[in-house]
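A short write-up of the structure that comes next.
We did not get these values from a lab; they are worked out from the coordinates using the rules stated. Please read all numbers here as calculations on a predicted model, not as lab measurements. With ideal geometry, Cβ positions are generated from the backbone for all residues, glycine too; neighbour counts draw on all protein chains shown.
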Amino acid sequence: MMNVRKIVKKLNILLFIGIVILNSCHKEKTTWNSDWVTPLINDTLSLDNLVNDSTLSEGMSSFYQVDLTRTILNLGIEDFVSIPDTLITHNFNIAVPSLSVPPGFSIVNEIEEHSIGNNSVQLKKIRVSNGVIKMEVFNPVNTKTFFTIQLPGVSKNGVEFQEQYEVPGGTNSNPGTVIANLDISGYDILLTGVSGANYNILQSRLLVSTDPTGPSVIVTSSQVFKVNAEFKNVKIDYARGYFGNLIISDTTTYNIDFLNNITSGSVDLPAVNLQFEITNGMKIDAKALITTVSNTNYVGNTINLTNSQIGVPIYVDQATGSWASLINSTTSIGFDGMNSNLETYLENLGKSHTIGYKLEMNPNGNVSGGWNEIFPNSRLKVKVKAQMPLTIGADGLTLRDTFDFDIKQDLEKSHVESGTFVLNVSNAFPMSSSVKLYLMNSNGAVIHTVVGSSEITSSLYGVIDPIDGKRKMNSEINFVLTESMLNDLENITNIAVETQFNSPDPATSVNSQVLIPIGAFIAVKLKANLVLKAML
Amino acid sequence: MMRLVLTIIVLSLFSVGSAQQLLPIQHDTNTYNQEFILTGLADFGATSIENALSSKFLFGGNITNEIKDNSLEKHKGINRLGLDITSELEYRNMKVNLFGKENLGFTVKGGYYSYMSSLYSKDLFGLAFYGNESFLGENADFSGSRFSAMTFQKIGFGVIDKKKKSNVSLNLYAISNYSEGNVRDGKLFQSDSGDSVSLTFDGEFQYASTNTFLKGYGVGVDLDFRIPVVLKEGKTAYIQFLAKNLGFAHVNSTVTQYSADTVLNFDGFTFNQLIGDANIFNANSSILDTLGIDSTSITKIRFLPGFIQIGKIVDVMNTSKLQSFFGVRMYPSVSYVPMIYAGVQYKTAKWLDLGANVSYGGFTTLRFGLYSQIKLNKFALGISSENLVGIFSSEGKGQSVILRLRLQL
């Protein structure tokens, strides 16, 4: 019995020790490593989207041509003439103190004239493309009355504007009222007034008839027959008159963000022909002036475009013909290597461009006798056009862009321990590039640098693919992510991607201008080889 | 080794289990007033995973390539593993005459049960422990893989035949964890270069997704019928029909089910998908929708992971030094194949029984076991393992320890 008691006692001690040992054992986590491969990116970049986009053309040769056309100014009738919302009030009362008016009797009022707009634009005729008149008719007599509203000079397809309303009876203080909205789209409006020699004048006339089936009614001079006509949201597509000495001038700065990423290097561009083309579809004389053109690059170097026509007024003729036979006038200003420093200007790779211009309409005043005309299809446009072969020489041209990064992993749980990003590239562009990644902390300090194992080699070092006839070069670039990099993931808030471009000639290895072949592309396949450390 | 032995002992304390183990249920016709039975089990079994690997999940540490390779070699197309951790305390009162009948006492029991079983393909093991790099250029097939896991607590009340010790109890269950998964068709193909991947998946995964402790309830029975069989020599052998936790569980908390029947091909994103306003990270559709995975909430009624065991048991009253026991045990789970077992008990002294057994089936294949039982007046302490190789060898496939403590008053 004593032996058994000893056994039980020892067993209890063993159990206690076991618990202690087990508790200490559980502090260590179960871990193992596994190797995972996953595709990430599969895409092909080319210039196809820029062809037929007024940027590139394929032309007759096997290389791309820059055929750039961009409209930088485009003005229409809405930029010169507008009809503000206008309220016309036509009041009428009889001239005698009191009058007994039999049933069906009409009282005709004289035409009244109303000014619209302001006198900076002297409109003689307009056509409404879209708009509404809100009519309010007020009857002060105690029997129903018929109002006929006429707008002389306002017509559609030769028919003058006329509307009739049956207005219930009322009093002077509380008149019978009718309200109606009338669509006046498509109406021509002559604004020359009763005399026919005026401008900005709208006419109206009012006829009031008593009820032919009603009683006679006493009308006094204190009773006012009233019509309000409110022109609302009127848009026009034709205007004739004198549109004034309108001056449009501005100095604008626009940025090319992409070029803001350049950190070093240079490009070599071929001779360029750049044209500014001004087309005038309005029957208005104009005068254009380019006051300044300059750009500033990534190191702050500013280049002014110089040319004999910069700062000198250029007169733009008005269009000829009318409506369907309208013919635009065209005026061009050309810049090339002979008459300007355009090549130097472009090779400066300006990230910030400033253009100053001034456009003056009717620079000589009203010399047309008030016969400026703008038709529905009239536009005043300024276009910039450039033609050159798409030829670029890159010499260490380095672009760097920084992205936010917010991927964390808990090193106390399953996590990626190390890995490699493998970039497989098929390059049909005659340029090479090398890529570096900078892993940065919140202070902008570079913690780690990931350098690609090799460069993306220029297609000029490759061979012609018999399938598509394109010269291409395959490259495989590895970006190794070490354990220490991944351990620092917690501190990485930004990644800067730096790419350096070169255009080496395979014969000399010297960077030189290269023509970009039609159909050039760069096919990219990026995959990740990751070592996953499982922790349980 | 010492650590292993200690762990098994300690585990058995943590998981004192029900009596489905081979530590023989002994038929005892002696009468006594009250009995406390504390029984327990920690049993991990596998057809292919060696202890060198599974023990890392218990003790921690790094699973080296050598450990993984050794287990991978043992794998066949489809493999099994299972874990059964249970504990149960039962009180029997045979002093009272239940329902006024002199031969009936009552029994009250309660316990904790955790059960997990899995069928899985060799490729699924490879994918989990090696990653997909080793499958480049070929299919990783995990079709037919499934798993289920449930943790629950039990409280039961029943009647017991004072002499035969046959008893039946009605139990209520509290479900505290539930999850289940099934892959009817699953294949992952990756090109030689790893730049494209194709996933075929038809299956679902569901789990009780609320944070509450009680995620459902259940009802079931325990049965223990002992049938005397008269042998030729006039001796009597006792055949036991034992059923534990036979019943249903209703998981009434939210069960989230993810299901998919889809084929996904992926060879990388385009730049437009990664940058710009229309990038996939800004898309309104969820990643599950993109992958064709349906997410729904369901309620679930399912069988409890109970078992049935039929076999000859050891008779305490038998004066023979050597007695045999044998039988078969079955779980309602495709991951568990019916296990047959047989063994002998040798009475070395009045206070000490020793036994040995062999079994085949269950979560694993062939296993050898040993047990001992010490009897001290009112106390009886039994310690057993159904997997002797598993205790002493890192090449074994599983661990098993059973402990039973009885106090008769």
Cross-link reach from B:K300 to lysines, straight Cα distance under 25 Å and at least 8 residues apart if same chain, gives B:K154, B:K215, B:K244
Per segment A:263-350, sqrt(5λ) over the Cα gyration tensor eigenvalues, sorted largest first, in Å, gives 34, 13, 11
Just to confirm my numbers, what's the Cα centroid distance between segment A:176-220 and segment A:280-336 in Å? 48 Å
J(HN,Hα) series, segment A:417-429, from Karplus relation 6.51 cos²θ - 1.76 cosθ + 1.60, nearest Hz, glycine and proline x: 8, 7, x, 9, 8, 10, 10, 9, 10, 10, 10, 10, 8
What is the set of long-range amide H partners of A:Y238 at a cut-off below 5 Å, with H atoms built 1.01 Å from backbone N? A:R127
Here the Kirkwood hydrodynamic radius of the protein assembly as shown, Cα-based and in Å, equals 38.6 Å
Considering amide H positions built from the backbone, and no H for Pro or chain starts, which residues 5 or more places from A:F405, or on another chain, come under 5 Å of its amide H? A:N494, A:I495
Report, in debye and to the nearest 20, how large the dipole of the protein assembly as shown comes out about its Cα centre when Lys and Arg carry +1 and Asp and Glu carry -1 on their Cβ. 6640 debye
Calculate for chain A the 222 nm mean residue ellipticity that helices alone would give, adding -39,500 (n - 2.57) per DSSP H run of length 4 or more and normalising by residue count, nearest 500 deg cm²/dmol. -2000 deg cm²/dmol
Take chain B, mark every one of the chymotrypsin sites (Phe, Trp or Tyr not before Pro) that falls in a DSSP loop and has at most 11 other Cβ within 10 Å, then report the longest stretch left between them, sites excluded. B:1-212
In cubic angstrom per residue, the convex hull of segment A:357-409 built on its Cα atoms measures 325 Å³
Could you give the spread of the C-alpha atoms of segment A:102-210 along their three principal axes, from largest to smallest, in whole angstroms? 44, 28, 27
For segment A:378-536, the dipole about the Cα centre with charges only on Cβ (Lys and Arg +1, Asp and Glu -1), to the nearest 20 debye, works out at 1000 debye
Long-range amide H contacts for A:L305: which residues qualify at under 5 Å (H placed 1.01 Å from N, peptide plane, sequence gap of 5 or more or a different chain)? A:V293, A:S294, A:N295
Rounded D (µm²/s) - chain A, Kirkwood Rh over Cα pairs, Stokes-Einstein at 37 °C, 0.692 mPa s: 103 µm²/s
Share of Cα-Cα pairs in chain B beyond 37 Å, in percent? 33 percent
Tell me which of A:I522, A:S34, A:P212 sits at the most positive position along the dipole axis of chain A, charges placed on C-beta atoms (Lys, Arg +1; Asp, Glu -1). A:S34
Using +1 at the C-beta of Lys and Arg and -1 at the C-beta of Asp and Glu, which of B:Y258, B:P228, B:F307 has the Cα lying farthest in the positive direction of the dipole of segment B:186-327? B:P228
Pairs A:K525/B:K68; B:K312/B:K350; A:K124/A:K385; B:K109/B:K375; A:K351/A:K383: which are spaced more than 28 Å apart, C-alpha to C-alpha? A:K525/B:K68; A:K124/A:K385
Here segment B:226-235 yields Karplus 3J(HN,Hα) values (6.51, -1.76, 1.60; θ = phi - 60°; whole Hz; Gly and Pro given as x) of 10, 10, x, 10, 7, 8, 4, 6, x, 7
With the Cα gyration tensor of segment A:72-111 in hand, convert its eigenvalues to equivalent ellipsoid semi-axes via √(5λ) and list them largest first in whole Å. 48, 11, 7
Mean shadow area of segment B:167-238, taken as a quarter of the surface of its Cα convex hull (nm²): 11.9 nm²
How many angstrom lie between the Cα centre of segment A:224-279 and the Cα centre of segment A:447-507? 43 Å
Can you divide the C-alpha Rg of segment A:180-320 by 2.2 N^0.38 Å and report the result to two decimal places? 2.05
For chain B, what does -39500 (n - 2.57) per DSSP helix run (n ≥ 4), summed and divided by total residues, give at 222 nm, in deg cm²/dmol to the nearest 500? -3500 deg cm²/dmol
